Amino acid sequence: MHRNVPRRLPHLAVGAHHGPAEGACLMECVSVVAGEPWSDRPACTDPVLAAAARGANDALPDEERQRLLPLVPRLASSAGSEPHTRRLAAWCLRQAAATVDPAWQGGVGAAAAVTARLLLGREVPAAAVDRARSCLRKMRLCSAPGKPAWLAGSAVGMLFDAVAGPGAAEADRYRAMTAAAYHCALAARSPRTFLIRLLEFHESRTADRRSVPPYRNWRNELAPLARLGPDVRASECTDWTIRRGNLPA
């Protein structure tokens with residue numbers, strides 16, 4: 001009855017990989033399903049969503065990371081416009097305050113709101129910008145690097161600097177948006193829930209989903225990856241490369 005459903009799926013691993021013989025992260029699986037070149041930054045996925053997916057992939061313990069695989073088809077059809085990318089980044093910022101210590105939640109929440117408004121091109125009083133800058137500066141000094149509060153503060157701070165700083169270039173804002181999304185996913189109490197909620201927000205604001213391919217056979221597309229691992233024979237990897245035609249040389 002279920003002959004076309006593979007018994008195994010690839011085992012998700014932390015970080016980026018040069019090819020399937022080294023393993024695969026969530027977004028590299030997305031690139032395979034979408035038929036794109038092997039990458040953890042496929043064009044089929046909004047860059048902020050992709051960054052949040054990489055963060056969730058890297059933050060979760062190994063067993064829970066495997067529960068991200070069912071999100072592959074949704075991520076494989078999530079590319080959006082530049083204004084929509086900004087809205088996704090603003091959503092990430094608004095979640096950041098929930099991950100910091102209670103003493104900082106008010107200040108970081110206000111700074112995140114200011115940063116989101118600036119990112120979306122809305123007016124913000126100069127006094128509010130100054131208060132956000134002061135709060136973020138203090139938090140960077142008081143938080144322990146690598147802890148959720150520091151990650152959340154860094155997410156807000158790096159994007160604040162890119163939108164409130166003088167002479168910020170568009171490329172700087174793009175890098176800050178993706179870095180902020182990655183840090184927010186790392187800082188989240190449940191990175192998987194954070195990613196699912198971000199996907200739901202994205203889908204609720206995408207007007208027309210009817211033209212997007214459903215990727216119903218995504219499990220079959222990923223099945224060849226399941227048998228590849230660190231000890232794969234070179235002939236197997238070459239065969240897979242030729243068959244799929246989407247791996248780097």
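Summary of computed values
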{"read-out": "Residue list for the stretch 110-128, filter: assigned to a loop (DSSP other than H, G, I, E, B), of a type in the set (A, V, I, L, M, F, W, C) and farther than 11 Å from residue 86 by Cα", "value": "124"}
{"read-out": "Test: residue 156 is in contact with a helix residue (DSSP H, G or I) (Cβ under 6 Å, 6 or more places away or on another chain) and free of Cβ contacts under 8 Å to residues at least 12 places away in the same chain", "value": "no"}
{"read-out": "Count of residues meeting criterion [within 13 Å of residue 203 (Cα to Cα) and over 13 Å from the mean Cα position of the chain (by Cα)] in the stretch 44-72", "value": "0"}
{"read-out": "Residue under evaluation residue 190, criteria (1) crowded, with 16+ Cβ neighbours inside 10 Å; (2) modelled with pLDDT of 90 or more; (3) of a type outside the set (Lys, Arg), criterion not met", "value": "(1)"}
{"read-out": "Test result for residue 43, touching a Phe, Trp or Tyr at 6+ places or on another chain (Cβ under 7 Å), at pLDDT 90 or above and either assigned to a helix (DSSP H, G or I) or closer than 30 Å to residue 17 by Cα (or both)", "value": "no"}
{"read-out": "Yes/no for residue 83 being over 14 Å from the mean Cα position of the chain (by Cα) and modelled with pLDDT under 85", "value": "no"}
{"read-out": "Single residue of the stretch 68-104 satisfying the filter (free of Cβ contacts under 8 Å to residues at least 40 places away in the same chain and not in a loop (DSSP other than H, G, I, E, B)) that is surrounded by the most Cβ atoms within 10 Å (Cβ to Cβ)", "value": "90"}
{"read-out": "Test result for residue 65, in contact with a strand residue (DSSP E or B) (Cβ under 9 Å, 6 or more places away or on another chain), within 28 Å of residue 159 (Cβ to Cβ), of a type in the set (D, E, K, R) and in contact (Cβ under 8 Å) with a residue 12 or more places away in the chain", "value": "yes"}
{"read-out": "Matching residues in the stretch 1-20 - criterion: being more than 11 Å from residue 38 (Cβ to Cβ) and at pLDDT 55 or above", "value": "8, 9, 10, 11, 12, 13, 14, 15"}
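Here is a yes/no grid of residues against (1) in contact with an Asp or Glu (Cβ under 7 Å, 6 or more places away or on another chain); (2) closer than 29 Å to residue 68 by Cα; (3) in a helix (DSSP H, G or I):
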position: 159; (1), (2), (3): no, yes, yes
position: 162; (1), (2), (3): yes, no, yes
position: 166; (1), (2), (3): no, no, no
position: 172; (1), (2), (3): no, no, yes
position: 178; (1), (2), (3): no, yes, yes
position: 181; (1), (2), (3): no, yes, yes
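The values are calculated or read from the model by the stated rules, or taken from the named source; none is laboratory data. Predicted model, so just to flag it, every value in this text is computed and none were measured. Please note: Cβ atoms are built from the backbone with ideal geometry, for glycine as well, and neighbour counts cover all protein chains shown.
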